[in-house]
Amino acid sequence: METTPYWNPLVETLAREKLQTLQVRKFKRIFTWAYEHSKFHRRLYDQAGITPEDVRGMADIRKVPQVEKAMMRDVQRKAPFPYGDALCVSLDEVTEFRQTSGTTGQAVYQADTWQDWEWWAECWAYILWAQGYRPSDRVFIPFGYNVFVAFWAGHYGAEKLGCEVVPGGVLDTQARILKIQELKATALMATPTYILGMADTARKKMGIDPATLGIARITCAGEPGASIPGTKARMEAAWNARVYDHAGATEIGAWSYECTAQPGGLHVNEAFFLVEIEDPDTGEIIENPGRQGKMIITALDRMAQPCIRFDSKDLIEWAPEACVCGRSFRLIQGGVKGRTDDITKVKGVLLSPGAIEEVVRSIDGLGNEFEVIVDKLGDMDQILLKVELSPGYEDQAGRLQDNLIEQLRLKTNLGYQLEFHEYGKLPRYEVKARRFKDLRKKH
Ligand SMILES: [Zn+2]
């Protein structure tokens with residue numbers, strides 16, 4: 001019953017001009033809704049002197065004040081508890097509680113109504129269909145179902161497509177691998193860290209080659225790894241599967257996806273989201289490809305706790321070319337490149353942890369794990385990079401060291417202290433990895 005490569009053929013191939021008209025119309029609708037139903041939004045917009053009547057085109061949208069995560073933290077834990085007055089519906093209508101992971105500060109609570117929850121599933125249906133999921137797939141989700149949104153929505157999106165979904169909740173990694181084998185699952189959703197970790201456990205602890213398990217596709221989220229070529233290649237080789245990236249967030253929604261063409265970037269679901277890229281220094285909106293800026297995003301249809309011109313802190317840039325898959329949704333090049341708050345200056349040079357990951361994972365003979373420690377030696381910044389030697393490469397540290405130093409210099413313009421460790425000695429992470437440590441602030 002294969003009919004179309006698109007979940008929504010009309011919307012995904014809409015001419016850009018019509019797509020923009022749709023975005024403006026939807027923006028005006030969600031802006032009016034928030035203005036009329038939330039005291040938080042009304043205060044914000046009244047202070048800026050902007051009302052729904054003022055929003056007629058894209059240029060007007062850019063005058064609407066941005067919302068930052070810290071502003072959401074300030075209104076929360078007050079009435080209506082626990083969401084505060086950013087909430088646009090009565091508590092009776094809220095059916096879903098989720099919260100952000102809190103890695104950059106106190107967690108933010110997120111309310112959704114059932115209508116919002118169906119919208120989440122619809123967003124995920126675009127993602128999964130574009131990545132080749134079909135009703136014949138049996139999707140195993142090795143995810144500790146809890147207060148975090150990731151993969152809850154993937155679960156419902158897969159069901160909406162007609163896939164068979166196996167919740168791999170509280171099972172441990174070995175039990176999950178056995179379940180995948182027993183049920184002949186065809187697809188997986190997890191963070192890149194966990195996908196690589198599961199493969200490792202299968203091989204080392206169970207004598208099972210994950211490439212033989214019959215997984216055809218893997219959808220990653222939560223970390224940028226599936227858009228980092230070296231990490232993607234390692235996952236694809238380990239599982240003999242196609243690996244696809246997706247970026248989303250609790251307070252935004254599932255806003256982007258890679259398609260089966262694997263174009264080296266993510267499509268923005270522009271029917272459901274308006275993405276603007278802003279130059280962090282000048283505030284100018286970047287329309288052209290090739291220039292990185294921070295993402296300002298609006299979820300055009302999310303009603304309970306709206307996301308309107310949210311400063312996501314994600315660093316992205318537009319891709320120069322349209323995708324061969326025929327979607328008119330724009331691509332962002334190379335996925336999410338990092339976050340404005342995790343790009344650090346070392347020796348006066350901007351350093352993104354993703355750049356180091358890209359180098360480490362592209363060198364054969366180095367294990368998947370690594371650790372970066374930035375510290376001060378006297379007045380000088382110093383970067384220590386710890387890596388592992390893969391089994392069979394124990395005597396090749398010297399050769400790998402030269403290659404690693406050279407690649408790091410080319411990619412990041414910085415010099416590093418290196419430490420080689422035996423395989424299995426660096427910390428392993430279950431879900432999201434914390435491989436980057438900046439100790440300079442402690443001194
Ligand atoms: Zn595409």
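The values are calculated or read from the model by the stated rules, or taken from the named source; none is laboratory data. Everything numeric here is computed off the predicted structure, so don't read it as measured data. Glycine gets a Cβ as well: all are built from the backbone with ideal geometry, and neighbour counts include every protein chain shown.
Could you say whether any residue in region 326-345 is more than 16 Å from the ligand (Cβ to nearest atom), more than 17 Å from the chain's Cα centre (by Cα) and in a loop (DSSP other than H, G, I, E, B)? No, region 326-345 contains no residue that is more than 16 Å from the ligand (Cβ to nearest atom), more than 17 Å from the chain's Cα centre (by Cα) and in a loop (DSSP other than H, G, I, E, B). Across region 137-154, which residue is farthest from the chain's Cα centre (by Cα) among those that are hydrophobic (A, V, I, L, M, F, W, C) and within 14 Å of K432 (Cβ to Cβ)? That would be F143.
Residue pairs whose Cβ atoms lie under 7 Å apart, sitting 6 or more positions apart in sequence or on different chains, and linking a residue in region 301-328 that is closer than 13 Å to V275 by Cβ to a partner that is in a loop (DSSP other than H, G, I, E, B) and within 16 Å of the ligand (Cβ to nearest atom), are E317/P289; W318/P289; W318/R330; A319/P289. Taking region 182-210 as the range and being in a helix (DSSP H, G or I) and under 25 Å from the mean Cα position of the chain (by Cα) as the test, the residues that pass are P192, T193, Y194, I195, L196, G197, M198, A199, D200, T201, P210.
Out of everything in region 253-265 that is of a type in the set (A, V, I, L, M, F, W, C) and more than 9 Å from the ligand (Cβ to nearest atom), what residue ends up being surrounded by the fewest Cβ atoms within 10 Å (Cβ to Cβ)? Once the filter is applied, the top-ranked residue is W255. Among the residues of this structure, P192 does not count as one that is closer than 13 Å to P210 by Cβ, free of Cβ contacts under 8 Å to residues at least 60 places away in the same chain and touching a Gly at 6+ places or on another chain (Cβ under 6 Å). What tally of residues in region 220-242 results from selecting those that are within 15 Å of the ligand (Cβ to nearest atom) and either free of Cβ contacts under 8 Å to residues at least 24 places away in the same chain or part of a strand (DSSP E or B) (or both)? The total comes to 1. When region 375-388 is limited to residues that are at pLDDT 90 or above and crowded, with 18+ Cβ neighbours inside 10 Å, the one that is farthest from E236 (Cα to Cα) turns out to be I383. Taking region 400-436 as the range and being closer than 13 Å to I356 by Cβ, of a type in the set (D, E, K, R) and in contact with a Leu (Cβ under 9 Å, 6 or more places away or on another chain) as the test, only R435 passes.
Considering every residue within region 133-154, establish whether at least one is surrounded by fewer than 22 Cβ atoms within 10 Å (Cβ to Cβ) and in a strand (DSSP E or B). Yes: region 133-154 contains one or more residues that are surrounded by fewer than 22 Cβ atoms within 10 Å (Cβ to Cβ) and in a strand (DSSP E or B).
Looking across region 294-325 at every residue that is crowded, with 22+ Cβ neighbours inside 10 Å and among the small types (G, A, S), the one that is farthest from the ligand (Cβ to nearest atom) is identified as A304.
Of the residues making up region 267-293, those that are of a type in the set (D, E), in contact (Cβ under 8 Å) with a residue 12 or more places away in the chain and either more than 16 Å from the ligand (Cβ to nearest atom) or buried (at least 24 other Cβ atoms within 10 Å of the Cβ) (or both) are E276, E278, D279, E287. Every condition in (1) under 27 Å from A153 (Cα atoms); (2) touching a Pro at 6+ places or on another chain (Cβ under 9 Å); (3) at pLDDT 95 or above is met by Q76 except one, and the failing one is (3).
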